[in-house]
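Q: Got a structure for you, questions after.
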Amino acid sequence: MQLALNEDQTQVLDFVEALARPFASAPLHDAGLALESAELDAALVENGFLDVMAVEELGPVTAALVVEKLARLPFAVEAAASALVRPLIDPELPRPLCLVEEGRTSGPVRFLRPGATVVVVGQSGVRSFTASADQIAAAQEDTLYAYPVAFLTGLPEAMTSHDVDPAEVTRAWRVAMAAEAAGLLGAALASVVTYVSERKQFGRPLATFQAMRHRLAEAQVVTNTAHWLAMRAAATGDSADAAMALLHAQEAAKRVCYDYHQFLGGMGMTLEHPLHLWTYRLKLLTSELGGRGAQGLAAAEALWG
Amino acid sequence: MQFEWTEEQDAFRHKIRDFLHAQLPEGWEKFSEHGPASPALTAFARGFCEKLAEVGLLFPHWPKEMGGEGLGPWEQQILSEEMWIAGEPRGGQYMNVNWIGPTLEKYGTAEQKARYLEPITRGESLWCQGFSEPDAGSDLASLRTRAVLKDGHYVINGQKIWTSYAGLADTCFLLTRTSDDRKKGITIVLVPMDTPGITVRQIPSLIGEGDIHEVFFDDVTVPETARFGEEGQAWEIVAYSLRNERLGIPRFTLARAALDRAVMMLKDRGDFTREYVRIEAARCAALCEAAGTANYAVVQKRVDGLAIGAESSSARYATVMAERAVCEFVVEFLPEALAGASPYLKMHHQRGIVAGVAAGSAEIQLNIIASDVLELPREPR
């Protein structure tokens, strides 16, 4: 048991921090909720930050730490699937990587665009294809998610089959989502804490009212544990750990998203405050991979058969 | 960052399990239904702790200067986990080895160390903690039990409540007021429980026989040498003690073990096929594991010699969430467990409902998290 960061991990996170600094605050944006930066994406690729899992002394925990850190940025980056799932399938697959469940391909797909690699994970196997424009239907412009999303119009006849256990890919997918959710939860909480500490009513900061303090403190508890469960799941590679980590993260997201906008009052309804960038990503993550119930069933199966 | 135990730590855990397997009597599970403070379990614990001492498992985490083996906080954690899962066969003596011993070593006079440490190391003594009062619960610093120094003796008058183990303890680690200066006016006195003027009344409770008491002090007189530390030093000393025992009991381990037990019972009768039961069980397991990792993050800080702050309150609240979920799961899907079908699950339920009250209420933990983890501006007082 060693829960402190090692030197390599500290160093990698420091590098990511430095690289991400210019992207730490959100520019005013009013056309849709999704905020992306090609520049940030290119810098991450160039510096190899999405490939740390394969580096022996770094491994999956470091990859999860990087994913979590990037998820705290106001800009959405396709890092989780690339950093934590792609190495299992084929490290050379072109990004962005879009993971979809076989038989559940009609929902909004994060980062789907022409040239993206769509990975279809089903019980029978793991297959992929490079998406072309005719396989993609755009989401409506004012879609209420802070990820870029689009829809698949169908799956091509011919896909590349990958020699990898689909259960293992699903496990890594859960870890990837749990790590990303942990970062989103952390950033959302931090932004609410700042706001309610500054905003005054009745002559005192909103954060001095216990009605809010206790709910925020509970949010801290589930946010903190979402982090630890995600890291543990990355470290152990255990399927029960992965399912519990994502179940807990999806529970946490459901618990806090509504509260956070509530606490911001009118500002929580605007695009002016960046809170939605994290909460409206979390909202989409709560549905992925079948949502909490599916994670619960997977965890129960792994724990007790 | 890695989440595996070392080979030595695994071996240590197995040593404890083997010992428990060999030493716990037939029918222990039914026996452990008696609360940890019951006369039956207290009497059992005396013999049991003597045997623990013989094989070096009573206080292996104490430094070598104190006769321990100098094992670290992880080993203390492992020891606590295995004992608590087994129903805490040490009874109230877990307090001795977790914090009373180390606190005596740091703040005690030579006379106090000579008198109290050895019985602890032999597994013979039982302490109680005279902290809460009828009007001083969460607001502990408002306590009023008064100790007045007169002719070389403290004369103590007042009342304590919710005191665990008081009915059978030899000594009380008692917080008294020696001046009106709120926290700075509180002084610790070590009071033998057979001192004239002490009356103990058991409070019938939901959490097991003999667990909580009222203790009345009427002109209880002890020599000045019974004072522990200086007058007004109690708050500092208690803070030190809590650093040794900040996380308290590793309740999440019993909650998880109880959940596993409940699932096995449901499986045996073919009831673990319903999806909503399985999902709810998984949610409970995730909460137990969540509490576990939060607790371990605090232990890691102890290992690294870092100051432990409000993150321990966060870990404790995570534990409360887990305990609550498992208690509710059992009641919802295995109601017969609390009516005789499972002594183990009944024992867990009785101990589980205490999680958010004992050693600082859950709401106080939330206050601490709000102020010291989230650093929200403080509430006006």
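Q: Look at B:Thr145 and say whether it is in the same structural domain as B:Ala37 (by TED's automatic domain parsing), on the phi < 0 side of the Ramachandran plot and in contact (Cβ under 8 Å) with a residue 24 or more places away in the chain.
A: Numbers: in the same structural domain as B:Ala37 (by TED's automatic domain parsing): no; on the phi < 0 side of the Ramachandran plot: yes; in contact (Cβ under 8 Å) with a residue 24 or more places away in the chain: yes.
No, not satisfied.
Q: Something else about it: Among the numbered conditions (1) within 14 Å of another protein chain (Cβ to nearest Cβ); (2) surrounded by fewer than 23 Cβ atoms within 10 Å (Cβ to Cβ); (3) among the polar types (S, T, N, Q), tell me where A:Asn47 comes up short.
A: (1)
Q: Let me ask something else about it. Tell me yes or no: at least one residue of segment B:278-285 is of a type in the set (A, V, I, L, M), surrounded by 20 or more Cβ atoms within 10 Å (Cβ to Cβ) and more than 7 Å from chain A (Cβ to nearest Cβ).
A: No, the conditions are met nowhere in segment B:278-285.
Q: For A:Arg127, indicate whether it is more than 15 Å from the chain's Cα centre (by Cα) and assigned to a loop (DSSP other than H, G, I, E, B). Let's see the steps before the verdict.
A: Numbers: more than 15 Å from the chain's Cα centre (by Cα): yes; assigned to a loop (DSSP other than H, G, I, E, B): no.
No, not satisfied.
Q: Is it the case, given these coordinates, that B:Val330 is surrounded by fewer than 18 Cβ atoms within 10 Å (Cβ to Cβ), out of contact with any Asp or Glu (no Cβ under 9 Å at 6 or more places or on another chain) and touching a residue at least 12 places away in the same chain (Cβ under 8 Å)?
A: Working: surrounded by fewer than 18 Cβ atoms within 10 Å (Cβ to Cβ): no; out of contact with any Asp or Glu (no Cβ under 9 Å at 6 or more places or on another chain): yes; touching a residue at least 12 places away in the same chain (Cβ under 8 Å): yes.
No.
Q: Condition first: within 11 Å of another protein chain (Cβ to nearest Cβ), surrounded by fewer than 20 Cβ atoms within 10 Å (Cβ to Cβ), of a type in the set (D, E, K, R) and farther than 15 Å from A:Gly183 by Cα. Can you find one or more residues in segment A:268-284 that meet it? Quick ask: steps written out before the conclusion?
A: First, the residues of segment A:268-284 that are within 11 Å of another protein chain (Cβ to nearest Cβ): none.
No: zero hits.
Q: Go through segment A:4-25 and count every residue that is closer than 28 Å to A:Thr194 by Cα and either among the hydrophobic types (A, V, I, L, M, F, W, C) or within 14 Å of another protein chain (Cβ to nearest Cβ) (or both). Quick ask: steps written out before the conclusion?
A: Restricting attention to segment A:4-25, the residues satisfying the condition of being closer than 28 Å to A:Thr194 by Cα are A:4-5, A:9-25.
Add one more test, that the residue is either among the hydrophobic types (A, V, I, L, M, F, W, C) or within 14 Å of another protein chain (Cβ to nearest Cβ) (or both), and what stays is A:4-5, A:9-13, A:15-16, A:18-20, A:23-24.
Residues that pass the stated criteria total 14.
Q: Pairs under 9 Å by beta carbon, first residue touching a residue at least 60 places away in the same chain (Cβ under 8 Å) in segment A:249-274, partner in a helix (DSSP H, G or I) and exposed (fewer than 15 other Cβ atoms within 10 Å of the Cβ), six or more apart or different chains?
A: Partner pairs satisfying both residue conditions: A:His273/A:Met267.
Q: Further question: Pick from A:Thr105, A:Thr62: which is surrounded by fewer than 24 Cβ atoms within 10 Å (Cβ to Cβ), of a type in the set (Val, Ile, Thr) and either within 30 Å of A:Gln9 (Cα to Cα) or out of contact with any Cys (no Cβ under 9 Å at 6 or more places or on another chain) (or both)? Let's see the steps before the verdict.
A: On the way: A:Thr62 fails: surrounded by fewer than 24 Cβ atoms within 10 Å (Cβ to Cβ).
Going through A:Thr105, A:Thr62 in turn, just one is surrounded by fewer than 24 Cβ atoms within 10 Å (Cβ to Cβ), of a type in the set (Val, Ile, Thr) and either within 30 Å of A:Gln9 (Cα to Cα) or out of contact with any Cys (no Cβ under 9 Å at 6 or more places or on another chain) (or both): A:Thr105.
Q: Consider A:Phe111 against the criteria (1) out of contact with any strand residue (DSSP E or B) (no Cβ under 6 Å at 6 or more places or on another chain); (2) on the phi > 0 side of the Ramachandran plot: it satisfies all of them except one. Which criterion is unmet?
A: A:Phe111 satisfies all of (1) out of contact with any strand residue (DSSP E or B) (no Cβ under 6 Å at 6 or more places or on another chain); (2) on the phi > 0 side of the Ramachandran plot except (1).
Q: List the helices (runs of 4 or more DSSP H) inside segment A:1-110, counting only whole elements, that have at least 3 residues being β-branched (Val, Ile, Thr) and within 25 Å of B:Asp304 (Cα to Cα). Steps first, answer last, please.
A: On the way: elements: A:7-20, A:38-46, A:59-71, A:80-84, A:86-89.
In segment A:1-110, A:59-71 are the helices (runs of 4 or more DSSP H) which contain 3 or more residues that are β-branched (Val, Ile, Thr) and within 25 Å of B:Asp304 (Cα to Cα).
Q: Turning to a different aspect of this structure: Of all residues in segment B:16-75, which are among the small types (Gly, Ala, Ser) and within 21 Å of B:Ser164 (Cβ to Cβ)?
A: Result: B:Ser32, B:Gly35, B:Ala37, B:Ser38, B:Ala40, B:Ala43, B:Ala45, B:Gly47.
Q: Could you tell me which of the residues A:Ala230, A:Ala245 is more than 9 Å from chain B (Cβ to nearest Cβ) and crowded, with 24+ Cβ neighbours inside 10 Å? Break it down stepwise before answering.
A: Working: A:Ala245 fails: more than 9 Å from chain B (Cβ to nearest Cβ).
Answer to the check: A:Ala230.
Q: Filter segment B:356-381 for residues that are part of a loop (DSSP other than H, G, I, E, B) and either more than 10 Å from chain A (Cβ to nearest Cβ) or β-branched (Val, Ile, Thr) (or both); which is farthest from B:Pro250 (Cα to Cα)? Show your work before the answer.
A: Start the filter on segment B:356-381 by keeping residues that are part of a loop (DSSP other than H, G, I, E, B), which leaves B:356-361, B:374-381.
Those left that are additionally either more than 10 Å from chain A (Cβ to nearest Cβ) or β-branched (Val, Ile, Thr) (or both): B:356-361, B:381.
Details: B:Gly356: 13, B:Val357: 15, B:Ala358: 13, B:Ala359: 13, B:Gly360: 15, B:Ser361: 16, B:Arg381: 33 Å.
Per the stated criteria, the residue is B:Arg381.
Q: Another question about this same structure. Quick one: in segment B:289-305, of everything that is surrounded by fewer than 24 Cβ atoms within 10 Å (Cβ to Cβ), touching a helix residue (DSSP H, G or I) at 6+ places or on another chain (Cβ under 7 Å) and more than 9 Å from every other protein chain (Cβ to nearest Cβ), which residue is nearest to B:Asp260 (Cα to Cα)?
A: B:Val298
Q: Filtering segment A:266-305 down to residues that are small (Gly, Ala, Ser) and within 19 Å of A:Leu185 (Cα to Cα), which residue is nearest to the chain's Cα centre (by Cα)? Before you say what the answer is, go through the steps one by one.
A: To start, the set of residues in segment A:266-305 that are small (Gly, Ala, Ser) comprises A:266, A:268, A:287, A:290-291, A:293-294, A:296, A:298-300, A:302, A:305.
Still in the list and also within 19 Å of A:Leu185 (Cα to Cα): A:268, A:287, A:291.
On the way: A:Gly268: 21, A:Ser287: 12, A:Gly291: 14 Å.
If we take residues in segment A:266-305 being small (Gly, Ala, Ser) and within 19 Å of A:Leu185 (Cα to Cα), then A:Ser287 is nearest to the chain's Cα centre (by Cα).
Q: With the requirement that a residue be part of a loop (DSSP other than H, G, I, E, B) and either more than 24 Å from the chain's Cα centre (by Cα) or surrounded by fewer than 14 Cβ atoms within 10 Å (Cβ to Cβ) (or both), what does segment B:6-37 give you? Even if it seems obvious, please write down each step before you answer.
A: From segment B:6-37, those part of a loop (DSSP other than H, G, I, E, B) are B:6, B:24-27, B:32-37; that's our starting set.
Passing the criteria: B:Thr6, B:Pro25, B:Glu26, B:Gly27.
Q: Name the residue that is surrounded by the most Cβ atoms within 10 Å (Cβ to Cβ), counting only residues in segment A:133-152 that are under 24 Å from A:Ala80 (Cβ atoms) and among the small types (Gly, Ala, Ser). It would help to see each step written out before you state the result.
A: So in segment A:133-152, the residues under 24 Å from A:Ala80 (Cβ atoms) come out as A:135-139, A:143-152.
Those still in the list that are among the small types (Gly, Ala, Ser) too: A:137-139, A:146, A:150.
Numbers: A:Ala137: 11, A:Ala138: 13, A:Ala139: 19, A:Ala146: 25, A:Ala150: 21.
The extreme case among them is A:Ala146.
Q: Another question, if that's okay. What residue, among those in segment A:195-227 that are more than 10 Å from chain B (Cβ to nearest Cβ) and assigned to a helix (DSSP H, G or I), is nearest to B:Glu379 (Cα to Cα)?
A: A:Ala211
Q: Is it the case that segment B:285-295 has a residue that's modelled with pLDDT of 95 or more and either farther than 25 Å from A:Leu297 by Cα or β-branched (Val, Ile, Thr) (or both)?
A: Start the filter on segment B:285-295 by keeping residues that are modelled with pLDDT of 95 or more, which leaves B:285-295.
Adding the requirement that they be either farther than 25 Å from A:Leu297 by Cα or β-branched (Val, Ile, Thr) (or both) leaves B:293, B:295.
Among the residues of segment B:285-295, at least one is modelled with pLDDT of 95 or more and either farther than 25 Å from A:Leu297 by Cα or β-branched (Val, Ile, Thr) (or both), which makes the answer yes.
Q: Hand me the list of helices (runs of 4 or more DSSP H) wholly inside segment B:60-123 holding 3 or more residues that are over 25 Å from B:Thr293 (Cα atoms) and polar (S, T, N, Q).
A: Details: elements: B:73-85, B:101-107, B:110-122.
Where helices (runs of 4 or more DSSP H) fall fully within segment B:60-123, none carries at least 3 residues being over 25 Å from B:Thr293 (Cα atoms) and polar (S, T, N, Q).
Q: Quick one: would you say A:Glu251 is among the acidic types (Asp, Glu) and within 9 Å of chain B (Cβ to nearest Cβ)? First the steps, then the outcome.
A: Numbers: among the acidic types (Asp, Glu): yes; within 9 Å of chain B (Cβ to nearest Cβ): yes.
For A:Glu251, the condition - among the acidic types (Asp, Glu) and within 9 Å of chain B (Cβ to nearest Cβ) - is met.
Q: Further question: Within segment B:168-178, identify whether any single residue is in contact with a helix residue (DSSP H, G or I) (Cβ under 8 Å, 6 or more places away or on another chain), part of a helix (DSSP H, G or I), among the aromatic types (Phe, Trp, Tyr) and within 16 Å of B:Val189 (Cα to Cα), and answer yes or no.
A: No; the residues of segment B:168-178 include none that is in contact with a helix residue (DSSP H, G or I) (Cβ under 8 Å, 6 or more places away or on another chain), part of a helix (DSSP H, G or I), among the aromatic types (Phe, Trp, Tyr) and within 16 Å of B:Val189 (Cα to Cα).
The values are calculated or read from the model by the stated rules, or taken from the named source; none is laboratory data. Predicted model, so just to flag it, every value in this text is computed and none were measured. All Cβ positions, glycine included, derive from the backbone under ideal geometry; neighbour counts span all protein chains shown.
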